[in-house]
Amino acid sequence: MFLSVFDMFKVGIGPSSSHTMGPMVAAARFLQMLRDSPFHPKGLRASLHGSLAFTGIGHATDRATILGLAGFEPASYDAVKAEAALDAIRAEKMVTPPGLPPLAFDPARDLAFDYGPALPGHANGMILAATDAQGDVILQETFYSIGGGFVLTAAEQATAKEVAADPRKAAARSPVPYPFQTAAEMLAMAAASGLTIARMKRANERHFRTDAEIDAGLARLWQVMNDCINRGLETGGILPGGLKVRRRAPGIHASLLAERGLNLTPPHTINDWMSTYAMAVNEENAAGGQVVTAPTNGAAGVMPAVIRYWLDHVPGATPSRIGDFLLTAAAIGGLCKHNASISGAECGCQAEVGSAAAMAAAGLAAVMGGTPEQVENAAEIALEHHLGMTCDPVKGLVQVPCIERNGLGAIKAVSAASLSLRGDGQHLVSLDACIETMRQTGHDMHEKYKETSLGGLAVNVPNC
């Protein structure tokens, strides 16, 4: 099925696309269901399940759910207004979403964390309900936050699984000219059409919007990404959450600037530049700032870091090609999401930083003149060497090991692109095989290593 570049990359807020943005989006959808219903609700309830419960506090899932039920949405989020709204809701035990009457909602009573087994559709599940004056449920919906800010109802999730099990159904539902479901199909279509991956992706996007709209949207995405890097490079202090993690990007950046032009600077210092760009983004994300899912918040630093590295450090780079970078990356991200997952709660961090590195490697290879075969090879190399990576955030916060991990993901992405461009695109392991391996590995991975903070670093590092 077609997945737009503007679905893969979404402007939102930190610290998590699945645990913060997803619940807020789910709440917005539920409010719309209420507006469209014949019911006259008097109150609201919410329950969080699976990973949304286990790491919900660290990921601000509770805040996101409360604010979502009050009418806040990620793309238009205003931090100052949000804080005022939270204070009012806790004091008045009421939410006042637009288009609905004031609704009783006491966060201490009406927002539950269910630490039992996860709901059947996905590790990130939540149930939202509206009640009448007697407290009886008059409308209820189960939502799954499936990674990257994507949200499905229980019925939509069941349909998605059915379609995924039958590629013919997926192809039949795609109205676009190049509906590739696998990397092999993508390469075959590129060979038959003579188009690059970016040009095929743009042709698909044209079915829904004009070139001017596509270009404006892509420019907006890069602007938000780059602004996020710059804020992160300029903002110091301690990150919230209790781990007392110090923002490191500004200090490293200042040190790198001071070393510029010195003959004593070793060549490998370029890795520090890439890491610093990525860390700047993820420190902003950890602080609840505005980021772009790429494909998730937890992996939001990889893509901007590689683009900024290319623009600032690679001769011949030009901003006019950023659109091709993002379109190519979105095509690869769509393959990862469609055939495996981009959710840490479903497949571990291989699905988040691994997918991000594959996307960034593909984008870089494309703008540096790579053939479709070299682009596919770059994505495969980057993803292959993230296979098996667990998601084990200390204290449930998107800080340790997430921030530095984005830096290393960016370095791997650049290395993968460089290696692919040294070859002719012929290689042993296909991207499709690698994505399928990620899916199988995620299926076999113990639940404690999938964004629950019940294993790995999360239990071996002091939480205070």
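Annotations for the structure displayed:
- Condition check for residue 49: within 30 Å of residue 333 (Cβ to Cβ) and in contact with a His (Cβ under 6 Å, 6 or more places away or on another chain): no
Per-residue answers, yes or no, for (1) part of a loop (DSSP other than H, G, I, E, B); (2) crowded, with 24+ Cβ neighbours inside 10 Å:
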| residue | (1), (2) |
| --- | --- |
| 299 | yes, yes |
| 304 | no, yes |
| 324 | no, no |
| 336 | no, yes |
| 342 | yes, yes |
| 345 | no, yes |
| 366 | no, yes |
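- Note on the range 265-277: among residues that are in a helix (DSSP H, G or I) and not small (Gly, Ala, Ser), the one that is farthest from the chain's Cα centre (by Cα) is 269.
- Scanning the range 434-456 for residues that are surrounded by 14 or more Cβ atoms within 10 Å (Cβ to Cβ) and either outside any loop (DSSP other than H, G, I, E, B) or without any contact (Cβ under 8 Å) to a residue 40 or more places away in the chain (or both) returns 434, 435, 436, 437, 438, 439, 441, 442, 447, 448, 449, 450.
- Residue 410 being without any contact (Cβ under 8 Å) to a residue 60 or more places away in the chain, under 22 Å from residue 357 (Cα atoms), touching a helix residue (DSSP H, G or I) at 6+ places or on another chain (Cβ under 9 Å) and not in a loop (DSSP other than H, G, I, E, B): no
- Qualifying positions in the range 278-292 - part of a helix (DSSP H, G or I) and not small (Gly, Ala, Ser): 279, 281, 282, 283, 284, 285
- Inter-residue pairs, beta-carbon under 7 Å, first closer than 30 Å to residue 58 by Cα and in the range 238-265, second assigned to a loop (DSSP other than H, G, I, E, B) and of a type in the set (Gly, Ala, Ser), 6+ apart: 239/287; 240/287; 241/58; 247/236; 247/237; 250/236
- Filtering the range 412-431 for residues that are among the β-branched types (Val, Ile, Thr) and buried (at least 17 other Cβ atoms within 10 Å of the Cβ) leaves a non-empty set.
- Just one residue in the set 233, 256, 262 is in the same structural domain as residue 360 (by TED's automatic domain parsing), over 21 Å from residue 306 (Cα atoms) and either over 23 Å from the mean Cα position of the chain (by Cα) or surrounded by 15 or more Cβ atoms within 10 Å (Cβ to Cβ) (or both); that residue is 262.
- Residue within the range 16-25 that is surrounded by 24 or more Cβ atoms within 10 Å (Cβ to Cβ), in a loop (DSSP other than H, G, I, E, B) and not β-branched (Val, Ile, Thr) present: yes
- Listed conditions (1) loosely packed, with under 11 Cβ neighbours inside 10 Å; (2) more than 25 Å from residue 51 (Cα to Cα) are all met by residue 88, apart from (1).
- Annotation: of all residues in the range 32-48 being assigned to a helix (DSSP H, G or I) and either of a type in the set (A, V, I, L, M, F, W, C) or modelled with pLDDT under 95 (or both), the one that is surrounded by the fewest Cβ atoms within 10 Å (Cβ to Cβ) is 33.
- Looking only at the range 49-83, and only at residues there that are touching a Ser or Thr at 6+ places or on another chain (Cβ under 6 Å) and outside any helix (DSSP H, G or I), the one that is surrounded by the fewest Cβ atoms within 10 Å (Cβ to Cβ): 60
- Flag if residue 355 is in a loop (DSSP other than H, G, I, E, B), assigned by TED's automatic domain parsing to the domain that holds residue 204 and in contact with a Lys or Arg (Cβ under 8 Å, 6 or more places away or on another chain): no
- Selection status of residue 295, over 22 Å from residue 10 (Cβ atoms), not in a helix (DSSP H, G or I) and not basic (Lys, Arg): no
- Some residue of the range 150-167 being under 24 Å from the mean Cα position of the chain (by Cα), modelled with pLDDT under 95, surrounded by 14 or more Cβ atoms within 10 Å (Cβ to Cβ) and over 22 Å from residue 345 (Cβ atoms): no
The values are calculated or read from the model by the stated rules, or taken from the named source; none is laboratory data. Keep in mind that what you see is a predicted model, and the values were worked out from it rather than measured. Backbone-built Cβ (ideal geometry, glycine too); neighbour counts: all protein chains shown.
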